[in-house]
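S.K.: This is the structure, below, for whatever I ask next.
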């Protein structure tokens, strides 16, 4: 049986298709040094979408 490698903190599973975008050279490495960067980026994207929905 496969071992679970990742367990999300939320109650809804994440989408299987990732969101991808290009960044300038060096950004990827710097981003990986930020604590909890994935969760913080998800929060930022959610707030960005909420701002658009308010308009």
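Here, each number is a calculation from the coordinates, and none is a lab measurement. As the structure is a prediction and not an experimental result, all values here were calculated from the model. Neighbour counts are summed over all protein chains in view; Cβ atoms, including those assigned to glycine, are modelled from backbone coordinates with ideal geometry.
S.K.: What distance in nm separates the two pseudo spin-label positions at residue 16 and residue 37, each 7 Å out from Cα along the beta-carbon direction?
M.R.: 2.7 nm
S.K.: Here is a further query. Give the peptides 43-51, 17-25 in descending order of average Cβ contacts within 10 Å, highest first.
M.R.: Numbers: 43-51: 10.0, 17-25: 6.3.
Order by mean packing, descending: 43-51, 17-25.
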